[in-house]
Each structure stands twice: as structure tokens, then as C-alpha cells.
Amino acid sequence: MPFRKLPTLIVFISFLSSVLVAQNEITKLPIIPNPSISRLSEGTFSINNMTGITFDKELEASANYLKDYIEKGSNIRLQKGKGIFFIKDNSIKNPEGYLLLVIPGKIEIKAKTDQGAFYAVQSLRQLLPETFENGSYSSKNVYIPATSIFDEPKFQYRGMHLDVARHFFSVEFIKKYIDMLAMLKLNTFHWHLTDDQGWRIEIQKYPKLQEIAAYRNETLIGHYNTDPQQFDGKRYGGFYTQEEVKEVVAYAKSRHITVIPEIEMPGHAQAAISAYPELGCTGEQISAATKWGVFEDIFCPKEETFEFLEGVLDEVLDLFPSEYIHIGGDEAPKTRWKACPHCQNLIKEKGLKDEHELQSYFITRMEKFLNEKGRQIIGWDEILEGGLAPNATVMSWRGTNGAVEAAKQHHNVIMTPTSHLYFDYYQSENDDEPLAIGGFLPLEKVYNFNPIPKELSDEEAKFVLGAQANLWTEYITTEQQVEYMVFPRMLALSEMVWSKPENKNYDDFVQRVEHFHKRLDALGINYANHLYEIEGNLTANGYELKTLTNGKNIRYSLDGSEPNLDSKIYSNPIPINENTYIKATVFDDGTKLGNTFSQAINPHLAFGKKITLNVEPNKAYSGSGATGLINGISGSDKRFGDKEWLGFWGDDVEITIDLGEEKQIQWIKTRFYDAQGQWIYAPKNIEITFDDGRRFPMRPDTSILHPKKSIKYVSIVTNIKSRFLKIKVKNFGTIPEGKQGAGNKAWTFIDEIIIK
Ligand code: ACM
Ligand code: ZN
């Protein structure tokens, strides 16, 4: 019989139709990530002291996990026997897939592996009241709605990273973090254990890593771009003992999470070199870094360095059973190698072209060592430079080009582009956000990321194993702040890597996130809540206000007062004919929900007129387009990543503004971002040409000084009549030696051009 072996799904659906009570009632379940197929039907199953639990031996761990969860969460005690059944089912193809069936008489969980069953339990957990999360469910019975779910992940690699080098977090917190990943069906924890500012894993063969490399003398206060930089004068550090590492790895394993350790090489090695200066090119004594960025002292590829790294990795391999070991590979300046006789000799001796090929030689040699021990390497996308090691997996972080290149070479890739998956970026444009490195990555952008780059064929796309979000902790000093940065964006990540495109819908997701808040509250997780915030947009009809969640009112004022229940309810765009200051807040019945949004819109001569640019702004920083430069709205003082700043990478920019008719122009002002740590420089010069051909430079406006000096104001007083203005903005040029990003083109960020 050719049709005996039906696909799991069809078997499941026909199975459902025989058991579901009310076929026509199909409502969405509030589960994150959204399951492949789910139905809610009539009736409930009650769990109480009479309920039994039965399992096939291979699913015992997940059965016990559920029993523990229920018994810790409530006074209910489960019996052995009928009620909840864990059944091994080899017809479920995907080892991470599961079936969850809740009907009035029983609960059935079917999976081929314990991991699949574990994910069924995580879905079931989200059908239980939130009070189970903190042990405060007090009733003797809990009713679960009759439900049927078939579920499996879209991607096999679903990761979350944490940098414990810049700031150190307790073992207890690492376990909480792992619990958060498990709840959301993520399966990989990338533990970034070594960097310039601290070495965080005990290596018994090299005790100075614990004594010296694990500590820095002090730490930068505030943002890197603050001028002058200030330091706290306090020694900072710590490391995980091997016993603690084993405990974390075992804890993760019991939650079906693989821990991938990252041991950085050849760059980001300043802490290690501070303990063993002979591992660097100069042999000079240095200290672990006390501020952020990229540092020139990297491992020198000499025999004793390889011996050291192999000694380190031998111990690492004993602690981490993961197939993959992350060897870093990113941001390794070649300054020291260029000046090092050993490095230069090695280049000659091995017939290498340059320092990039020397890095490739370094990585390939470490790959060979690890491959011989049955392990595979992952490296950041810089490992493509100078040629990929034969079996390496590439983690694409500088956009997606690295992924495309690696997949086309038939290497596996994991997507972690800064633009969509760097959770150290700001998630809201509010002024009261905690200090972050920069950038802007709201929830929706994470949610809508497609891990498969458009440039790949279906065949090449198979090399994309999945995606991961990264949390670098330069500006994240506490565990509460880690939680704030990862939630709710981790919810979006989980659905992006787990759910199939046809099961993804942002508006629906937001409603489930709102529901999920209660669970996060019960878990004591310090999530960011920007769901009740307001987004404003200037349109041809006026200023539009929107909020994310349904069924709420936006109330607003135009007189600077805090909106309250007597304020006007927003229904139509607010006309802008003069200086307008809008304050708006979301209300639910009688309660104020979110932060108050405020926006000043100050029309000027160019407001609503025509503007053209000779070059497009960079895709990642195109704000609200060219018109954003004359929309009456100034950019944030703190964040160049908002809608109002336009970013250009290396280009000279020519801006033409057409005022529609000749106007008397008294003065012109604008501003430029100047955050040199992030490669952003004020332009070399700015020149304005008027209708009559006269040209004038714009000069720094010293009457205004930005407190952080990260913004340069420029202005010009003219009193000239003109219809057209041509503004030439000359890029700063190449970033000089000794600065972050030296040798690269500088960015130009320009704000509103105010013409009066
Ligand atoms: C990275 O963010 N340097 C991988
Ligand atoms: Zn060297």
C-alpha cells in the first residue's frame, strides 16, 4: 500500500477530528513561540490530587519536570497512574517536535525524544495560571482548556548569548537565564567567557588566569563617548570555577540546552596577555582593559601561544560536551603582527600573503586541533578574511554578507546581525531608557527578521542553521538590567526561530506578549514594557499617534500638561501649523498604562518643502528619509539611531532644499553627531550656496554646547533672499590612527536643518 505511511500532520489532524468536541471553535492559544498547529476546543481537563502521571522510560525526565513544576507551583500532588501520559512516538519525525492533546479525560504528550516532550511541557506550562511560576497557586484543582497542538521548530539552532567578561554574573543568575531560554524553546546558550576586560573560566594549568586575568583595575563610568572619560577606581572581576561550570552545563543539559563556550582568539585577548605577557607580540606587561572597544594586543602566533591555547582548550573540552566550540576570531587588529619579527617571519615561512592569511593560518590550526578531538569550531564572520578554515561554522554579526559568503562556500552559518539581533541596542526612543551602547532595535524589528538572506538559493539556505541574539554587557552592570535588555525581545527571537512564517503575525504576537507579562511578573523577571508606548509620525494630514495594543485610548494635550482622564481622546492626526508640543499617554479605562510620549514639532521655512540628496543615507540609518531633515522635528540628543538622524558612511552629502519661492532667510542651523568611539565624526566642513551663487561656510555654534560634547551645533546668519539652498557636507574622511575604527571611513550623522 503506497499510502500507509502518512505524514505525521495528516494523521494528527484526522486523529483530532475524532476527538475534538467542538470543531468549529478555533481560537488562538496564548503560547509563545506560536505552535505549528493548535486548536482550542470545548471542555477542560482538571489536574488535582487524584491525577496520575504515566510515562515511557525515555520521557521520564520531562514527566518529572512537569511533576516538579506542578508540585512546586501549587499544593497539588500528582499520583502514579492515569491522567497525564507521556508517550514515546517514533512517527513524530522531528526530534524536537511534539503532540500535546488535552481532552476532558486525559492529557497526552507524544514525542520521539525527551526534548520534544520537554517542549510539550513548556507549552502546557503556558496554559496553566501564572501563579504556578512562583508557587502561589492555592486552589486544589486547576482546569486546562481542551487543546490539541502539533508543534516543531523551524530552525535547529536557536540561541542566546551572554557576555560575562565585560560584567560578571552569578551562577544562580546564569541558571535563571538558562531557565528563561528553556521556557521559550531555545536550545543553545553561547557563553562568552573571555575578553579584553576579564577571563572568566578557571583553567587549572594556568593559575594566573584566575589570579590576574580575571580582574581589571577599574572600569569606565558612563558611555565610552563621554569626553573626558572617567573611571571608577574600583578593582572588578571574578571567574567561574570548573565545578561551577560543570553545574551550569548539567543544569542546561537537563533543560535541553547546549552550552557553547567562547574562548576568544587571536583578538580580545588582552586579559589573557596581562597574565602571560609572553603570549603577545611585544612581551610587555599590560593590564586587563578598563574600557570598551577593540585593543591591539592580541595573541602572537608562536609555538608557546598554541601550546597555551591547546592547554586551555583541553580543559574546556573536558567541561563542555558541545559539538561546537566558539573560538571568537572577531576584531583582531593586525598592528602588532605587522611590527612583530616572529609574525613577519611566519608569514614568509608559510608562504602567506598578509596578516589576514596569518589569522586564517591561526584559526585553521586551532580548528585542526579541535577537529581531531571530535569538535567543530564556530567563529565570528571575520574568520572569512584570509580564507575560511575547512570545517568552520560562521556566526554572521556584521550584517548578513558574511552569512551569504559562507553559505555559498557551503559552510554552516548562524545569523546574529547587529541590525536585528544585538540586544545591547536601545529598544525604545524614550529619553529615560537605561544607558546602552547605541543603536535602535525595537521588538518588531527582531520579530520580523528572516534568518534566510535573500541572496541564497534554497540549496544554499540549508546551510543557515538558525539564529541567535547577543547580549554584550559593556553597559549592563546588573542582572536586572540583563533581564530588561533581553525581555521582551527574547520572546520575539523565540518565535522568529521557532515558528513557521505562516504562523507569525506581529499584531497577534503583541497581544500574546501583553498576556505573557503576567508570567514574567510571577517569575520576577525585570522586562521592559514598551507595549503601551506611543509612536508618532508626521504625515501630510498632520501628526499621527499610534500604540501597539488593541482596545486602549490615547489621550493627549497640546499645552504641555500631563495627559489625564479629562484630556482629549486621540482619533485623527493633529494638524501642525505652528510650534506644537504634543504630550500623549495610553489609558485603559481609568488607568494610565505607559510612559508619556512627548514631541515638539517646530515648523520653519523649509517645513513641508522639497528636499533632495545626492546620495541615499545608509540603509541602517535612513531615519524617516530626506524629509526627516526638514520635518520640524529634531533628533534625540542621545541616540543617532532614531527616526530623525540620517547616517551616511563615508559619503560627501549634497542637500538641495527648494523653498517653493524666494524667501528672506535670516539664519540656518543644524547639528551633527560626534561619537568617535562609534566611528561617527562631525564633517570636515559645511558650505551653503544660494540662488545668486554666493557660498558661505557654516561654523560651529559655540553658544550651545552639548553637555556630553557628542553633538556639534553649526549655524550661519545670512539675511539673504533665495529659493534654493545647496548644502555641501564634506565627510570627515579616514579615521586616524589610535582611534576606534582607525583606517575606516568615518560616518556623518545629520539632524534637522532649521531655516528661519
Ligand atoms: C562582535 O560583536 N564583536 C562579535
Ligand atoms: Zn607576533
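Residues that are hydroxyl-bearing (Ser, Thr, Tyr), within 23 Å of the chain's Cα centre (by Cα) and either part of a strand (DSSP E or B) or more than 24 Å from residue 741 (Cβ to Cβ) (or both): does the stretch 191-208 have at least one? Scanning the stretch 191-208 turns up at least one residue that is hydroxyl-bearing (Ser, Thr, Tyr), within 23 Å of the chain's Cα centre (by Cα) and either part of a strand (DSSP E or B) or more than 24 Å from residue 741 (Cβ to Cβ) (or both). Scanning the stretch 588-602 for any residue that is over 30 Å from residue 527 (Cα atoms) and touching a residue at least 40 places away in the same chain (Cβ under 8 Å) turns up at least one such residue.
Quick check on residue 32: is it at pLDDT 95 or above, in contact with a Lys or Arg (Cβ under 7 Å, 6 or more places away or on another chain) and within 30 Å of residue 510 (Cβ to Cβ)?
When the stated conditions are applied, residue 32 passes them.
Scanning the stretch 274-294 for residues being buried (at least 23 other Cβ atoms within 10 Å of the Cβ) and within 26 Å of residue 437 (Cα to Cα) gives a total of 3.
Residues that are within 30 Å of residue 712 (Cα to Cα), within 27 Å of the chain's Cα centre (by Cα), surrounded by fewer than 16 Cβ atoms within 10 Å (Cβ to Cβ) and modelled with pLDDT of 95 or more within the stretch 219-255 comprise just one, 221.
Checking 80, 72 one by one, the residue that is basic (Lys, Arg) and within 35 Å of the chain's Cα centre (by Cα) is 72 and no other.
If you check 580, 591, 547, 585 for being farther than 28 Å from residue 505 by Cβ and among the β-branched types (Val, Ile, Thr), only one passes: 580. For the stretch 300-321, state whether one or more residues are away from ligand 2 (no atom under 16 Å from the Cβ), over 18 Å from residue 190 (Cα atoms), out of contact with any helix residue (DSSP H, G or I) (no Cβ under 9 Å at 6 or more places or on another chain) and of a type in the set (Asp, Glu). Yes, there is a match, as at least one residue in the stretch 300-321 is away from ligand 2 (no atom under 16 Å from the Cβ), over 18 Å from residue 190 (Cα atoms), out of contact with any helix residue (DSSP H, G or I) (no Cβ under 9 Å at 6 or more places or on another chain) and of a type in the set (Asp, Glu).
Which ranges mark the strands (runs of 3 or more DSSP E) fully within the stretch 566-632 that have 1 or more residues being among the basic types (Lys, Arg)?
Working: elements: 580-588, 597-601, 610-613.
Here the list reads 580-588, 610-613.
Looking only at the stretch 395-418, which residues are polar (S, T, N, Q), more than 12 Å from residue 384 (Cα to Cα) and either within 15 Å of ligand 1 (Cβ to nearest atom) or at pLDDT below 95 (or both)?
Narrowing the stretch 395-418 to residues polar (S, T, N, Q): 396, 400-401, 409, 412, 416, 418.
Next cut, more than 12 Å from residue 384 (Cα to Cα) only: 400, 412, 416, 418.
Scanning the stretch 395-418 gives 400, 416, 418.
Scan the stretch 326-339 and give yes if some residue there is of a type in the set (A, V, I, L, M, F, W, C) and away from ligand 2 (no atom under 16 Å from the Cβ), otherwise no.
Step one: filter the stretch 326-339 for residues of a type in the set (A, V, I, L, M, F, W, C), giving 327, 332, 337, 339.
Then keep just the ones that are away from ligand 2 (no atom under 16 Å from the Cβ); that gives 327.
Within the stretch 326-339, one or more residues are of a type in the set (A, V, I, L, M, F, W, C) and away from ligand 2 (no atom under 16 Å from the Cβ).
Within the stretch 475-511, the set of residues being outside any helix (DSSP H, G or I) and of a type in the set (Ser, Thr, Tyr) comprises 475, 477, 478, 499. Determine whether residue 263 is within 16 Å of ligand 1 (Cβ to nearest atom), within 30 Å of the chain's Cα centre (by Cα) and either assigned to a loop (DSSP other than H, G, I, E, B) or modelled with pLDDT of 95 or more (or both). So residue 263 fits the description; yes. Check whether at least one residue in the stretch 136-156 is crowded, with 18+ Cβ neighbours inside 10 Å, of a type in the set (A, V, I, L, M) and assigned to a loop (DSSP other than H, G, I, E, B), and report yes or no. No, the stretch 136-156 has no match at all. Pairs are defined by a Cβ separation below 7 Å, a sequence spacing of at least 6 or placement on different chains, a first member in the stretch 322-333 that is farther than 14 Å from residue 261 by Cβ and of a type in the set (S, T, N, Q), and a second member that is at pLDDT 95 or above and away from ligand 2 (no atom under 16 Å from the Cβ); no pair meets this definition. In the stretch 452-475 there is at least one residue that is buried (at least 19 other Cβ atoms within 10 Å of the Cβ), within 30 Å of residue 600 (Cα to Cα) and away from ligand 2 (no atom under 16 Å from the Cβ). Scanning for something assigned to a helix (DSSP H, G or I), of a type in the set (Ser, Thr, Tyr), within 16 Å of ligand 1 (Cβ to nearest atom) and surrounded by 17 or more Cβ atoms within 10 Å (Cβ to Cβ), does the stretch 419-441 turn up at least one residue? Within the stretch 419-441 (the criterion being assigned to a helix (DSSP H, G or I), of a type in the set (Ser, Thr, Tyr), within 16 Å of ligand 1 (Cβ to nearest atom) and surrounded by 17 or more Cβ atoms within 10 Å (Cβ to Cβ)), the answer is yes, since at least one residue qualifies.
The values are calculated or read from the model by the stated rules, or taken from the named source; none is laboratory data. Note that the structure is a prediction, hence the values are computed from the model and not measured. As a convention, Cβ positions derive from the backbone with ideal geometry for all residues, glycine included, and neighbour counts pool all protein chains shown.
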